[in-house]
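J.: Starting off with a structure, shown below.
The values are calculated or read from the model by the stated rules, or taken from the named source; none is laboratory data. Owing to the predicted nature of the structure, the values given are computational and were not obtained by experimental measurement. All Cβ positions, even for glycine, are placed from backbone atoms using ideal geometry, and neighbour counts span all protein chains on display. For the accessible areas, the whole protein counts, side chains as well, though only heavy atoms, and no ligand, DNA or RNA atoms are used. Shrake-Rupley method; radii C 1.70, N 1.55, O 1.52, S 1.80 Å.
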Amino acid sequence: MRHLLETLRLHPGETIASLGVGGGVWEVGLGAMVPGLTVYLVELSPELLNDEELAAAVLFWEKQTGKPVESRFVPVVGTETSTNLPEKFFDKILLLNSLHEFSQPDAMLAECHRALKPGGLVFVEERFARSPGELHEGCGRRLFSENELVKLFSRNGFALHGTSSRDGSEFWKALEFGMV
């Protein structure tokens, strides 16, 4: 979590979105560490992200930190091709170990471009393929190589601004992209 916080450089008052959040535990953790965020949580499945799951995530982080979570969370049901997020609204959009699961990554990056404020950033944290065709051990979907991911963002109107490794790994990285 510390590496992620350092990489994202979140500030109180920012409005962020995270796509493919599952139950939202990581995002609630970010909101627990940086009070005053407004976090839109986008998930395809209301069974994964609902009021009960969100309340459990908040309770978990309140127990971890020993203080109330002082950020606001807005669950949003998306589709394979739409985030259902407002236009030009977000300071940052997060894709935390989720981009490899998107069936329509180009459509979702177009949505990111549409939803970001001018000067906004997209942060991607993924485990990259060590060899062509490598599958994610959790979901069984094909992993991107770092080069593939950079090309995907480039063709969707983004430029790479920086990278950082998780715990020195060359395969777990966070990449920061800005709009061109």
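J.: Which pairs have Cβ atoms under 8 Å, sit 6 or more apart or on different chains, and link a residue in region 55-78 that is more than 19 Å from THR38 (Cβ to Cβ) to one that is of a type outside the set (Phe, Trp, Tyr) and assigned to a loop (DSSP other than H, G, I, E, B)?
T.: Listed pairs, sorted by first residue: ALA56/GLY23.
J.: Being without any contact (Cβ under 8 Å) to a residue 60 or more places away in the chain and under 16 Å from ALA159 (Cβ atoms) is the filter here; which residues of region 103-118 pass it?
T.: LEU109, ALA110 - these are the residues of region 103-118 that are without any contact (Cβ under 8 Å) to a residue 60 or more places away in the chain and under 16 Å from ALA159 (Cβ atoms).
J.: Further, regarding this structure: Could we say that VAL150 is without any contact (Cβ under 8 Å) to a residue 60 or more places away in the chain and within 20 Å of ALA17 (Cα to Cα) here?
T.: no
J.: I've got another one for you. Can you tell me how many residues within region 79-88 are surrounded by fewer than 17 Cβ atoms within 10 Å (Cβ to Cβ) and either touching a residue at least 40 places away in the same chain (Cβ under 8 Å) or at positive phi (or both)?
T.: Counting residues in region 79-88 that are surrounded by fewer than 17 Cβ atoms within 10 Å (Cβ to Cβ) and either touching a residue at least 40 places away in the same chain (Cβ under 8 Å) or at positive phi (or both) gives 2.
J.: Out of all the residues in region 143-180, which are loosely packed, with under 15 Cβ neighbours inside 10 Å and either in contact with an Asp or Glu (Cβ under 7 Å, 6 or more places away or on another chain) or β-branched (Val, Ile, Thr) (or both)?
T.: Correct list: HIS161, GLY162, THR163, VAL180.
J.: Here is a list: LEU116, LEU85. Which entry is in contact with a helix residue (DSSP H, G or I) (Cβ under 7 Å, 6 or more places away or on another chain) and at pLDDT 95 or above?
T.: LEU85 is the lone residue from the list that is in contact with a helix residue (DSSP H, G or I) (Cβ under 7 Å, 6 or more places away or on another chain) and at pLDDT 95 or above.
J.: Can you pull out every residue in region 4-39 that is open to solvent by 30 Å² or more (accessible area, probe 1.4 Å), in contact (Cβ under 8 Å) with a residue 40 or more places away in the chain and of a type in the set (Gly, Ala, Ser)?
T.: Within region 4-39, GLY20 is the sole residue that qualifies.
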